[in-house]
Amino acid sequence: MNVKKLLAGWSFRTSTPDYAVGDELTAFVTGTDGSTPIVRIGDTVIQLPDADGDGELVEKRVRLRVTEFDAQRHEGAGELLSVFDDEE
């Protein structure tokens, strides 16, 4: 049995994914930091500082664009692009 062929294309996911400025993501808003909505993807945290901070986005699926990212700390900021309807 050729193990290399069997495992070809497999990779492990990391709990701290890195993103580049300009990356567009779909994720759930998991909470807030003060009044700033945050998205957690594994242990990576992306804040949405310009988004509505009254807590209405918590548990909503959103589309965002990364505007800054620190790969050492696995933290960044993003721009809210859209909020998905609950019915989608």
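Give a quick list of trypsin sites (Lys or Arg not before Pro) in the stretch 1-49 that DSSP marks as loop, anything other than H, G, I, E or B, with at most 13 other Cβ atoms within 10 Å.
Numbers: sites: Lys4, Lys5, Arg13, Arg40; in loops: Arg13.
Hits after loop and neighbour filter: Arg13.
Report the rotationally averaged projected area of the chain based on its alpha-carbon convex hull, in square nanometres.
The Cα convex hull of the chain, projected and averaged over all directions, gives 7.7 nm².
Explain nothing, just compute: Karplus ³J(HN,Hα) = 6.51 cos²θ - 1.76 cosθ + 1.60, θ = phi - 60°, for every residue of the stretch 42-49 in order, whole Hz, x for Gly and Pro.
3J(HN,Hα) across the stretch 42-49, in whole Hz: x, 9, 7, 10, 10, 8, 10, x.
Rounded to the nearest 500, what is the 222 nm mean residue ellipticity of the chain from helices alone, with -39500 (n - 2.57) per DSSP H run of 4+ residues and division by all residues?
Computed mean residue ellipticity for the chain: -500 deg cm²/dmol.
I need the chymotrypsin sites (Phe, Trp or Tyr not before Pro) found in the stretch 28-88, filtered to DSSP loop residues with at most 13 other beta carbons within 10 Å of theirs.
Those satisfying the criteria are Phe84.
Please report Glu59, Glu75 as a ranked list, fewest other C-beta atoms within 10 angstrom at the top and most at the bottom.
Glu59, Glu75
Going 7 Å from the Cα of Asp23 in the Cα-to-Cβ direction, what parts of the stretch 31-75 have a backbone nitrogen less than 13 Å from that spot?
From the stretch 31-75, the list is 40-47, 64-75.
Coordinate-derived values only; no laboratory data. Note that the structure is predicted; figures quoted are calculated from it, not measured. As a convention, Cβ positions derive from the backbone with ideal geometry for all residues, glycine included, and neighbour counts pool all protein chains shown.
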